[in-house]
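Colleague: Take this structure first; my questions come after.
The values are calculated or read from the model by the stated rules, or taken from the named source; none is laboratory data. The shown structure was predicted, so the numbers you read here are calculated from the model rather than taken from an experiment. Cβ coordinates were reconstructed from backbone atoms using ideal geometry, including for glycine residues, and neighbour counts include every protein chain displayed. Ligands, DNA and RNA are excluded from the accessible area calculation, which covers all protein heavy atoms including side chains. Shrake-Rupley method; radii C 1.70, N 1.55, O 1.52, S 1.80 Å.
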Amino acid sequence: STMKRRTRDSPHSSTDLSEGKEKLRLKQEVGLISGVSLIAGTMIGSGIFMSPEWVLHHMGSPASSLLIWAACGVLAMFGALSYAELGTIIKESGGEYIYILRIFGSFPAFLFAYTSVILVRPAGLAAVCLSFAEYAVAPFYPGCSSPQVVVKCTAAACILILTIINCLNVRLATSIMNIFTAAKLLALLMIVVGGLVLLAKGQTQNFQNAFQNTTAGIGAVGVAFYQGLWSYDGWNNLNYVTEELKKPEVTLPRAVMIAIPLVTCLYLLVNVSYLAAMTPTELLSSGAVAVTWGDKVLGSWAWLISLSVALSTFGSSNGTFFSGGRVCYIAAREGHMPDILSMAHVRCLTPSPALLFTSAMSLIMIASGTFTSIVNFFSFIAWLFYGMTISGLLYLKIKKPELPRSYKVPIIIPIIVLMAAVYLVLAPVIDQPQIEILYIVLFIFSGIILYFPLVRFKWHPRFLQRLTLHLQLFLEVAPTAKDAN
């Protein structure tokens, strides 16, 4: 049946079942170094190469934009530490979805899964692929911005290539991820070193009167945070693979404490380098900040930056795609998603239905939106659910302090994150209300129409069952509940 899962497949009833059955499928192989590289590798994607001009645009001055970048790093750190405590209380994979399910129950968890699978993950993938396209085509249009139709067609081609790679071969997808992580670190280090050389030569004029023209509106600051936090997105990624961590109670907090400060320092140095090479006006008029930086600093070697950034963003979108099946799989395991999305290809052993669905939704978003609009709406939804998850942690800390937890975060930290989440959700709505945000809220609550008949009352129309069967035969997929051996 399409939405139904038998009770024995679900760990909802007892943690023993989850620990006993899941061990057959999931090996605890992710150690501290792998955890750090998983967080840092996902965080460093397209944002640092695309968002600096938008943060500066909304904040108005170099110094205030650097403060936003530092504040985003602190907020990501606080959020990740709060999630680390949740991960040591609820030792299951699935991130926000599993926490909302265990703390608040089935209905809000379904709304999260529904929104995440149809909007949030495809929006994230679309934004990364659009930034890949900007950098891939920039060298062909020197001195002017690239035509939007060319950028969108390149982004669509990127998604289709990633779909083929990830549907055919898991090993190829992981190899690409490792190679491209090296490329992104090389690109960032090149920019950092170039900036330090410029500062040593005395190019500090953009840092004089650095707070001049600062914007003070609450909405502008909120949108600047959206653009900055997009670059830090991925701080919660380790919570999606809790069941696969070696000693999660130790590895989870330690990996967070190492990875996020590292990325924050790197981002600040890269922004300083951009401002050392370009005036704020030049930075704002650049479609691809790192390419403009390369033209000014590296001269005839500027193509190296375009190549490195294109490789970095392609690798990041591959990582987003690769880890994309987790919420689908966990939600289907709990009976909140169609079974077809939790199935795997019988020969390739890849979650091809979930990948094909994400690919189709991402292509729709690329056709209808721009990088900055997609990031703003992605961030609005993401922080709505981050706030909900953090409020769940506060509930557990106050109402159930007796629950065993090996790591405790001071209560002030989740309170700060919750306040920030409320601000980030409400500030842009109050200051500059946009009709699209109303559409997003209506979309989230449209899940009610599906939840009650299909999940709550387990009504499964015959045509959905037949459709699932036909899709299984056409896509050559089978349920993943049974062990492959």
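Colleague: For Ala155, state whether it is in contact with a Ser or Thr (Cβ under 9 Å, 6 or more places away or on another chain), part of a helix (DSSP H, G or I) and at pLDDT below 85.
Modeller: Judged against the criteria, Ala155 is not a match.
Colleague: Return yes or no: is Leu86 under 21 Å from Ile381 (Cβ atoms), surrounded by fewer than 24 Cβ atoms within 10 Å (Cβ to Cβ), in contact with a helix residue (DSSP H, G or I) (Cβ under 7 Å, 6 or more places away or on another chain) and modelled with pLDDT of 85 or more?
Modeller: Numbers: under 21 Å from Ile381 (Cβ atoms): yes; surrounded by fewer than 24 Cβ atoms within 10 Å (Cβ to Cβ): no; in contact with a helix residue (DSSP H, G or I) (Cβ under 7 Å, 6 or more places away or on another chain): yes; modelled with pLDDT of 85 or more: yes.
Here the answer is no, as Leu86 does not meet what is asked.
Colleague: Hey, does region 94-105 have a residue that's at pLDDT 70 or above, surrounded by 18 or more Cβ atoms within 10 Å (Cβ to Cβ), basic (Lys, Arg) and over 18 Å from the mean Cα position of the chain (by Cα)?
Modeller: yes
Colleague: Can you confirm whether region 322-335 contains a residue that is within 17 Å of the chain's Cα centre (by Cα), over 27 Å from Leu438 (Cβ atoms), in contact (Cβ under 8 Å) with a residue 12 or more places away in the chain and in a loop (DSSP other than H, G, I, E, B)?
Modeller: Within region 322-335 (the criterion being within 17 Å of the chain's Cα centre (by Cα), over 27 Å from Leu438 (Cβ atoms), in contact (Cβ under 8 Å) with a residue 12 or more places away in the chain and in a loop (DSSP other than H, G, I, E, B)), the answer is yes, since at least one residue qualifies.
Colleague: If I filter region 403-422 down to residues being open to solvent by 80 Å² or more (accessible area, probe 1.4 Å) and modelled with pLDDT of 85 or more, which single residue comes out as farthest from Gly73 (Cα to Cα)? Break it down stepwise before answering.
Modeller: Narrowing region 403-422 to residues open to solvent by 80 Å² or more (accessible area, probe 1.4 Å): 404, 408, 412, 419.
Next, only the ones that are modelled with pLDDT of 85 or more stay: 408, 412, 419.
Numbers: Lys408: 21, Ile412: 17, Met419: 16 Å.
Here the residue is Lys408.
Colleague: Say we look at region 106-156 and pick out the residues that are without any contact (Cβ under 8 Å) to a residue 40 or more places away in the chain and open to solvent by less than 20 Å² (accessible area, probe 1.4 Å); which of these is farthest from Arg456 (Cα to Cα)?
Modeller: Step by step, filter region 106-156, then rank; the result is Val137.
Every residue, every condition in (1) assigned to a loop (DSSP other than H, G, I, E, B); (2) of a type in the set (Ser, Thr, Tyr), yes or no:
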{"position": "Ser116", "(1), (2)": "no, yes"}
{"position": "Arg121", "(1), (2)": "no, no"}
{"position": "Gly124", "(1), (2)": "no, no"}
{"position": "Ala127", "(1), (2)": "no, no"}
{"position": "Pro142", "(1), (2)": "yes, no"}
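Colleague: In this structure, does Val272 turn out to be within 25 Å of Pro108 (Cα to Cα), part of a helix (DSSP H, G or I) and of a type in the set (Val, Ile, Thr)?
Modeller: The answer is no for Val272.
Colleague: Across region 215-257, what is the total count of residues that are in contact with a strand residue (DSSP E or B) (Cβ under 9 Å, 6 or more places away or on another chain) and among the small types (Gly, Ala, Ser)?
Modeller: 1
Colleague: Do you know which residues across region 423-445 are modelled with pLDDT of 85 or more and under 17 Å from Ala224 (Cβ atoms)?
Modeller: Tyr423, Leu424, Val425, Leu426
Colleague: Here is a follow-up. Taking only region 191-227 into account, find how many residues are part of a helix (DSSP H, G or I) and open to solvent by 50 Å² or more (accessible area, probe 1.4 Å). Break it down stepwise before answering.
Modeller: Step one: list which residues in region 191-227 are part of a helix (DSSP H, G or I), which gives 191-200, 205-207, 218-227.
Pick out the ones that are also open to solvent by 50 Å² or more (accessible area, probe 1.4 Å) and you get 193, 196-197, 199-200, 205, 207, 218.
The qualifying residues number 8.
Colleague: Next up: Only one residue in Met361, Met343 is at pLDDT 75 or above, buried (at least 24 other Cβ atoms within 10 Å of the Cβ) and at negative phi, so which one is that? Give the steps one after another, and end with the answer.
Modeller: Working: Met361 fails: buried (at least 24 other Cβ atoms within 10 Å of the Cβ).
Checking each option against the conditions leaves just Met343.
Colleague: Closer than 30 Å to Leu454 by Cα, open to solvent by less than 40 Å² (accessible area, probe 1.4 Å), at pLDDT 80 or above and in contact with a Phe, Trp or Tyr (Cβ under 8 Å, 6 or more places away or on another chain): which single residue out of Ala310, Ala331 fits that description? Steps first, answer last, please.
Modeller: Numbers: Ala310 fails: closer than 30 Å to Leu454 by Cα.
Answer to the check: Ala331.
Conditions tested, residue by residue: (1) within 22 Å of the chain's Cα centre (by Cα); (2) assigned to a helix (DSSP H, G or I); (3) closer than 22 Å to Gly217 by Cβ; (4) in contact (Cβ under 8 Å) with a residue 12 or more places away in the chain.
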position	(1), (2), (3), (4)
Phe378	yes, yes, yes, yes
Phe385	yes, yes, no, yes
Thr389	yes, yes, no, yes
Tyr423	yes, yes, yes, yes
Leu442	no, yes, no, no
Leu450	no, yes, no, yes
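Colleague: Of the residues Arg347, Arg405, only one is in contact (Cβ under 8 Å) with a residue 60 or more places away in the chain, within 27 Å of Val256 (Cβ to Cβ) and not in a helix (DSSP H, G or I); which?
Modeller: From the options Arg347, Arg405, the qualifying one is Arg405.
Colleague: Ok, one more. Listed residues Thr42, Thr15, Thr7; which is among the β-branched types (Val, Ile, Thr), modelled with pLDDT under 80 and under 24 Å from Ile413 (Cα atoms)?
Modeller: Details: Thr15 fails: under 24 Å from Ile413 (Cα atoms); Thr7 fails: under 24 Å from Ile413 (Cα atoms).
After applying the criteria, what remains is Thr42.
Colleague: Let me ask something additional. Residue by residue through region 464-485, note down the ones that are modelled with pLDDT under 80 and exposed (fewer than 11 other Cβ atoms within 10 Å of the Cβ).
Modeller: Within region 464-485, Lys482, Asp483, Ala484, Asn485 qualify.
Colleague: Let me ask something else. If you scan region 61-73, which residues turn out to be touching a residue at least 60 places away in the same chain (Cβ under 8 Å) and open to solvent by 20 Å² or more (accessible area, probe 1.4 Å)?
Modeller: Leu66, Ala70, Ala71
Colleague: Looking at region 239-289 only, could you name the residues that are more than 30 Å from Glu96 (Cα to Cα), open to solvent by less than 50 Å² (accessible area, probe 1.4 Å) and modelled with pLDDT of 80 or more? First the steps, then the outcome.
Modeller: Of all residues in region 239-289, those more than 30 Å from Glu96 (Cα to Cα) come to 269-289.
Cutting the leftovers down to open to solvent by less than 50 Å² (accessible area, probe 1.4 Å) gives us 270-278, 280, 283, 286-289.
Selection gives Val270, Asn271, Val272, Ser273, Tyr274, Leu275, Ala276, Ala277, Met278, Pro280, Leu283, Val289.
Colleague: Further question: Go through region 393-402 and give me each residue that's assigned to a helix (DSSP H, G or I), surrounded by fewer than 22 Cβ atoms within 10 Å (Cβ to Cβ) and of a type outside the set (Ser, Thr, Tyr).
Modeller: Quick first cut of region 393-402, residues assigned to a helix (DSSP H, G or I) only: 393-399.
With surrounded by fewer than 22 Cβ atoms within 10 Å (Cβ to Cβ) added as a condition, the list becomes 394-399.
Passing the criteria: Leu394, Leu396, Lys397, Ile398, Lys399.
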